[in-house]
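Heads up, the thing below is written out as structure tokens.
The values are calculated or read from the model by the stated rules, or taken from the named source; none is laboratory data. In this text, all values refer to a predicted model and were calculated from it rather than measured experimentally. Positions of Cβ are generated from backbone atoms using ideal geometry, with glycine treated the same way; all protein chains shown enter the neighbour counts. We work out accessible area using only protein heavy atoms, side chains counted, and drop any ligands, DNA or RNA first. Shrake-Rupley method; radii C 1.70, N 1.55, O 1.52, S 1.80 Å.
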Amino acid sequence: MALNTDHQIVVRTADQQVFSVDHGLFLPGNHNWTAASLATAAPATLDPQFAQHLERAELDAAVDRLRVVSDAAIARVLAGVPPTWGAGDSMLTALAGYLAERRDRLCNP
């Protein structure tokens, strides 16, 4: 859903279930993201690094789970960001919009 510059995938060998972990560098600008870097990010697309590990049914299931992530749920998560992280209200509002827009694009291609 976001921009990935640091792929970290764990595949459980017993059932080939795929997990994406450590999303610290998934935003445009990595740790130095800004409202401007979010606003000018490329459109959301399926990352080929992940696509090679997933069947169509698994991708469809992921989109179904993504569809139920409401704007309110995004807001609740971002409300928990500690002030010490340095992301003020305007940055968090921009991030909420960025995440919601990408969710909508991926769920309604």
| message | Under 5 Å between amide hydrogens, which residues at least 5 positions from Thr34 or on another chain qualify, with H placed 1.01 Å from N in the peptide plane? | response | none
| query | How large, in percent, is the carbon and sulfur part of the accessible surface of the chain at a probe radius of 1.4 Å? | reply | 58 percent
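Can you give the charge dipole size of the chain about its Cα centre, rounded to the nearest 20 debye, using +1 on the beta carbon of Lys and Arg and -1 on the beta carbon of Asp and Glu?
For the chain, the charge dipole is close to 140 debye.
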| Across 10 Å bins from 0, what is the distribution of all Cα-Cα pair distances for the chain, in whole percents? | 12, 42, 35, 10, 1
| task | Quick one: what are the phi-derived ³J(HN,Hα) couplings along the stretch 75-85, Karplus 6.51/-1.76/1.60 with θ = phi - 60°, whole Hz, x for glycine and proline? | result | 4, 4, 5, 5, 5, x, 5, x, x, 5, 6
| Phi to ³J(HN,Hα) by Karplus 6.51 cos²θ - 1.76 cosθ + 1.60 over the stretch 11-17, Hz, x for Gly, Pro | 10, 6, 5, 4, 10, 6, 6
